[in-house]
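Inspection log for the structure reproduced underneath, given as C-alpha cells.
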Amino acid sequence: MPQEIWTAVDNYYTNLLEETDPVLEAALAASAQAGLPAINVSPSQGKFLQLLARAVGAKSILEVGTLGGYSTIWLARALPAGGRLVTLEIDPDHANVARNNIERAGLAHVVDLRLGEATESLSELLREEAGPFDFIFIDADKEFYGHYLLWALELARKGTVIIADNVVRKGDVLDANSKDEKVQGILRFNQVLASDSRVSATVMQTVGSKGYDGFAVALVTGEPGKWVCVK
Ligand code: SAH
Ligand code: DHB
Ligand code: MG
C-alpha cells in the first residue's frame, strides 16, 4: 500500500509540474533498451537536483556515477551558457549509452564524461586543478561514498553544495552491524559528514517511485584541506 501511494503521488506531481519531456524519456528508453538497471533518479528527484543547482547559480558541476546520463541531463540543463559538467563512470557500456543520451539532449559540448574508476578520475581532476566545482552529486558505488566525499571536498570551495543519493536505504542505516557493504559504506560516509568541520549537513528522507531512501545535503562552510580518516 505505501509504495503504491508513493508512486501515485510521485506520478501526480511529475505530470502536474511537467517534470519530464521527450529527451529525458528517450534517455530512459535507450537505457532500458541497452539493459541498464533502472536505478536513475526519479523525475522529481532530477528536478530537485536541477533546481538546487540553479538556486546556487552553479557554473561547474561534478557527478560521480553517470549510468545512462539521466541525472546528468537534468543537472547539465541547470547550467548557464559556458557552464560545464564532469561526470564519472566506470562501466564502458553505461558510458556509451550515456554519451548517446547526452548527445541527443544537445549537451555534448557541456558534458565531460570520464570513463574509469571514480577515485582515479577524481585524483586526475585534482591534478588538473579542474576544481572548484559549485555543485557535486555523489551517486556511484555506496561502498566508497566516504572516499568520494573526501575527494569532493578537495574539489570544492566554500559555498559548494554536495548532494549524495541513497543514504537512507529503507532505514537500514540504523543497523550499525549490518552485513550489507553498501550500508557500511554509507555509515563510513556518515562519519565523515558528521565529523569533518568543512561541511554542515542534513539528510532529507524521501519516498516516491524509488521507494524509501534519502539525500544527504551538505554545504561546504569551511576552508578545504582538513583530512579526516574514513576507517
Ligand atoms: N546518477 C545516475 C545513476 C547512477 S547509478 C542517475 O541518476 O541517472 C551508479 C553508477 O555508478 C553506475 O552506472 C555504476 O556503473 C557507476 N559506478 C559504480 N562504481 C563506480 C566507480 N568505482 N567509479 C565510477 N563509477 C562507478
Ligand atoms: C542502486 C543505486 C542507486 O544509485 C540508486 O539510486 C538505487 C539503487 C543500486 O545499486 O541498487
Ligand atoms: Mg542513486
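Membrane-span-like helices of the chain, defined as complete DSSP H segments with a Cα extent of 15 Å or more along the helix axis and a mean Kyte hydropathy of at least 0.5, are identified as 22-33. Using every pair of alpha-carbon atoms in the chain, split the distances into 10 Å bins beginning at 0 and state the percent of pairs per bin, rounded to integers. Cα pair-distance distribution for the chain, in percent: 8, 33, 39, 18, 2, 0. Remark: relative contact order (the chain) = 18 percent; criterion is Cα-Cα distance under 8 angstrom and separation of 6 or more residues. For the range 8-38, GluC sites (Glu not before Pro) meeting the loop criterion (DSSP other than H, G, I, E, B) and having at most 12 other Cβ atoms within 10 Å: E18. In units of the rule-of-thumb radius 2.2 N^0.38 Å, the range 1-55 shows an alpha carbon radius of gyration of 1.24. Calculated translational diffusion coefficient of the range 125-215 (20 °C, 1.002 mPa s; Stokes-Einstein with Kirkwood radius over alpha-carbon pairs) equals 156 µm²/s. Rg then Dmax, both in Å and based on the Cα atoms of the range 69-131: 11.6, 31. Restricting attention to the chain, close to 45% of DSSP beta bridges with both partner residues there are antiparallel. Sorting 114-127, 61-74, 206-219, 134-147 by average packing, meaning the other beta carbons within 10 Å per residue, from highest down gives 61-74, 134-147, 206-219, 114-127. Between D180 and A81, the C-beta separation translates, for a Förster distance of 45 Å, into a calculated FRET efficiency of about 0.55. Shape class of the range 1-95 from the alpha-carbon gyration tensor: oblate, with a/c at 1.5 or above and b/c at least as large as a/b.
Measuring between their Cα centroids, the range 128-190 and the range 58-86 lie 18 Å from each other. Structural descriptor for the range 123-231: relative contact order 31 percent, calculated from alpha carbon pairs under 8 angstrom and at least 6 residues apart.
Here, each number is a calculation from the coordinates, and none is a lab measurement. As the structure is a computational prediction, the values presented were derived from the model and not from experiment. Cβ coordinates were reconstructed from backbone atoms using ideal geometry, including for glycine residues, and neighbour counts include every protein chain displayed.
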